[in-house]
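A.B. asks: Okay, handing you the structure first.
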Amino acid sequence: MKRYAAGAAIVQALLPGLLLAGCDRTAPSPAPTATPTEAAVTRPAGPERLVLAFGDSLYAGYGLDRGQSLPDAIQTRLRRDGINATIVNAGVSGDTSAAGRQRLGFVLDNLPRKPDLVLLGLGGNDVLRQIPAAETRANMTAMLDELRKRGVPVMLTGMKAPPNLGADYVAAFDGIWPDLAKRDRAGLYPFILDGVIGNPGLMQADRVHPNAAGVNRIADRVTPLVAERLTAAE
């Protein structure tokens, strides 16, 4: 499995801002980025692949214009690559893994059909609130168990803990995603903000959420892994 650098030193330096800003539902929305939305891409021929993007503000597109979220960017790239994918964005700003666990079944039950893939991206708000890693692991495990029971393939976009939360917490938290990916044979992008956090040209003013250019950087890296999972399911 190809691994990406976690950017731990950068995250450590940004921790005070992260703890103040967070991904909370009550935080005021920053001004939308000036980066234009990508042009619409014609839907390619072939069977439709339904993907559920289930996560927090990093999926919801916090602070971005309509059409600039990470699920939008991934859908655009998949269609450009000839994959007839439709991504349902079920990102909710402020969601912890516990909140996601509570609503996952409802979201799945209200889709038009069983998805071909679920992108699962939670955990950022857990680390911001310093929720015990054991609780985050239990919630993530429960969601994966539910998806496995329904026969839905999964790709995880992981999160990293800042090193100044302590070596024990970092080890327990960071190990959740690779451990579960191995257990469930799920796809894994180890750190969703890899190569983006700490770069002011790719982040919004809150230093927590990527701007449209940052989203595009993430999508460039994540889309090939999503395409691999979708084609493997054919």
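A.B. asks: Tell me, please, whether a residue that is of a type in the set (Ser, Thr, Tyr) and surrounded by fewer than 16 Cβ atoms within 10 Å (Cβ to Cβ) can be found in the range 188-205.
C.D. replies: Checking the range 188-205: not a single residue is of a type in the set (Ser, Thr, Tyr) and surrounded by fewer than 16 Cβ atoms within 10 Å (Cβ to Cβ).
A.B. asks: Just the residues that are part of a loop (DSSP other than H, G, I, E, B) and crowded, with 22+ Cβ neighbours inside 10 Å, please, taken from the range 55-67.
C.D. replies: Those that are part of a loop (DSSP other than H, G, I, E, B) and crowded, with 22+ Cβ neighbours inside 10 Å: Asp56, Gly61, Tyr62, Gly63, Leu64.
A.B. asks: Pairs under 6 Å by beta carbon, first residue in contact (Cβ under 8 Å) with a residue 12 or more places away in the chain and closer than 18 Å to Ala85 by Cα in the range 200-224, partner of a type in the set (Ser, Thr, Tyr) and crowded, with 19+ Cβ neighbours inside 10 Å, six or more apart or different chains?
C.D. replies: Here the result reads Val222/Tyr189, each pair linking the range 200-224 to a residue that is of a type in the set (Ser, Thr, Tyr) and crowded, with 19+ Cβ neighbours inside 10 Å.
A.B. asks: Would you pick out the residues in the range 72-87 that are buried (at least 19 other Cβ atoms within 10 Å of the Cβ) and of a type in the set (Val, Ile, Thr)?
C.D. replies: Ile74, Thr76, Ile83, Ile87
A.B. asks: Do we find that Val41 is surrounded by fewer than 23 Cβ atoms within 10 Å (Cβ to Cβ) and part of a strand (DSSP E or B) in this structure?
C.D. replies: no
A.B. asks: Quick one: is Asp220 charged (D, E, K, R) and closer than 23 Å to Gln102 by Cβ?
C.D. replies: no
A.B. asks: Across the range 156-208, what is the number of residues that are in contact with an Asp or Glu (Cβ under 7 Å, 6 or more places away or on another chain) and not small (Gly, Ala, Ser)?
C.D. replies: Counting residues in the range 156-208 that are in contact with an Asp or Glu (Cβ under 7 Å, 6 or more places away or on another chain) and not small (Gly, Ala, Ser) gives 1.
A.B. asks: Another question, then. In the range 145-157, is there at least one residue being among the acidic types (Asp, Glu) and closer than 19 Å to Ala181 by Cα?
C.D. replies: The answer is yes, given that some residue of the range 145-157 is among the acidic types (Asp, Glu) and closer than 19 Å to Ala181 by Cα.
A.B. asks: Just one of the numbered conditions (1) of a type in the set (Val, Ile, Thr); (2) under 20 Å from Gly61 (Cα atoms); (3) at pLDDT 95 or above is not true of Val208; which one?
C.D. replies: (3)
A.B. asks: Out of the residues in the range 221-234 that are of a type outside the set (Val, Ile, Thr) and within 21 Å of Asp56 (Cβ to Cβ), state the one that is surrounded by the fewest Cβ atoms within 10 Å (Cβ to Cβ).
C.D. replies: In this case the residue turns out to be Arg221.
A.B. asks: Being free of Cβ contacts under 8 Å to residues at least 24 places away in the same chain and either in contact with a Gly (Cβ under 6 Å, 6 or more places away or on another chain) or surrounded by fewer than 20 Cβ atoms within 10 Å (Cβ to Cβ) (or both) is true for just one of Ala142, Ala134, Ala138. Which residue is that?
C.D. replies: The conditions single out Ala138.
The values are calculated or read from the model by the stated rules, or taken from the named source; none is laboratory data. Model, not experiment: these values are computed from the prediction. For neighbour counting, all protein chains shown are included, and Cβ atoms are generated from backbone atoms with ideal geometry for every residue, glycine included.
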